[in-house]
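The values are calculated or read from the model by the stated rules, or taken from the named source; none is laboratory data. This is a predicted model, so every value here is computed, not measured. Here Cβ is always computed from backbone atoms with ideal geometry, including for glycine, and neighbour counts include all displayed protein chains.
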Amino acid sequence: MQRNLLVIGATGQTGGHTARLLLERGHHVRTLVRRRDDAAALLAELGAEIVEGDVQDLHSLDRATQGIDALYFTYPILPGLMDATANVAQAAEDNGVKAIVNMSQKSARRESASNAARQHWVAERLLDRSPFAATHLRPTFFAEWLVNMWDGSGELRFPFADGRHAPIAASDQARVIAAILEEPTPHAGKIYPLYGPVELNHHEIAERMTRTLGRQVTYVPIELDEFEDILKKRDMSPHMIQHLLAVAVDYRNGIFAGTNDLVKSIGGIEPLDVESFVARNRAFYDAHTA
């Protein structure tokens, strides 16, 4: 059955995969974008309805949610999450949206030292009080972390000690998001931690990257102060830096560890392992290696 679905953040990692997947399945997909850039133009070519707006603007959200059955909401690690969540909830209620799939974080909890993670926990509770069905996704570290933080040196310099996680690709998360949007009722009120197939520490991740790329990749454990310097050199915002430093401690303490079968049982596919993800992004690594 064709559904009218809104994807907020459709030019981002999970949103882009989700929008394309829903279009392939024959749904009417509306996307809320801040500007009509090349990514938005590509979605339009694929058949998406493009609405310009901002989650900080209730009026544009009101336009975007009219006639929508269910929506996907994601927000970057930036200040403003609480206002954005309240606006999305209000617009969804006003326009009769029946379900929201909300991208949260694995570290979202009341006692988190990360301002962003704590705000995500509160945002979940706000959506839970709304009249529509809310489903919260709490993924562990994205596999895309291995691309976004790659500096070309062949070294993974992170303050994660011997902590472990099962990297999960954005495309696999999109399978879960799309399935819930298509049939939200069984997932109403649920919180789903999402993982890739194999839990690894970063020494093991580096070994798998080495085998796949045919060049040496090494994990170099560092301390928080050196990590903070790396993040500052990448011009990350104070909000993001505060979050990632807190997350690093969580990682060491096992908050991001675990595995389950939710990508398979809900999304219908086996999630990508590290080797498969790196192989898919081989062109990037070839172009960005010193």
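Filter the stretch 1-42 for residues that are part of a helix (DSSP H, G or I) and within 16 Å of the chain's Cα centre (by Cα) and give the result. Across the stretch 1-42, the qualifying residues are GLN13, THR14, GLY15, GLY16, HIS17, THR18, ALA19, ARG20, LEU21. Residues in the stretch 54-86 that are under 27 Å from THR185 (Cβ atoms) and under 20 Å from the mean Cα position of the chain (by Cα): 11 in all. The selection criterion, being of a type outside the set (Lys, Arg), farther than 24 Å from LEU213 by Cα and not in a helix (DSSP H, G or I), holds for ASN102. Does the stretch 1-24 hold any residues that are without any contact (Cβ under 8 Å) to a residue 40 or more places away in the chain, within 19 Å of ARG35 (Cβ to Cβ) and among the polar types (S, T, N, Q), and which are they? Matches in the stretch 1-24: THR11 only. Here the stretch 184-230 is the region considered, the condition is being touching a residue at least 40 places away in the same chain (Cβ under 8 Å) and charged (D, E, K, R), and the residue that is surrounded by the most Cβ atoms within 10 Å (Cβ to Cβ) is ARG208.
Confirm whether ALA113 is touching a helix residue (DSSP H, G or I) at 6+ places or on another chain (Cβ under 9 Å), of a type in the set (A, V, I, L, M, F, W, C) and surrounded by 20 or more Cβ atoms within 10 Å (Cβ to Cβ). So ALA113 does not fit the description; no. Looking at GLY80, GLY67, GLY12, just one residue is surrounded by fewer than 22 Cβ atoms within 10 Å (Cβ to Cβ) and at pLDDT below 95, and that residue is GLY12. Looking at the stretch 245-256, can you tell me whether even one residue there is out of contact with any strand residue (DSSP E or B) (no Cβ under 8 Å at 6 or more places or on another chain) and free of Cβ contacts under 8 Å to residues at least 12 places away in the same chain? No, the stretch 245-256 contains no residue that is out of contact with any strand residue (DSSP E or B) (no Cβ under 8 Å at 6 or more places or on another chain) and free of Cβ contacts under 8 Å to residues at least 12 places away in the same chain.
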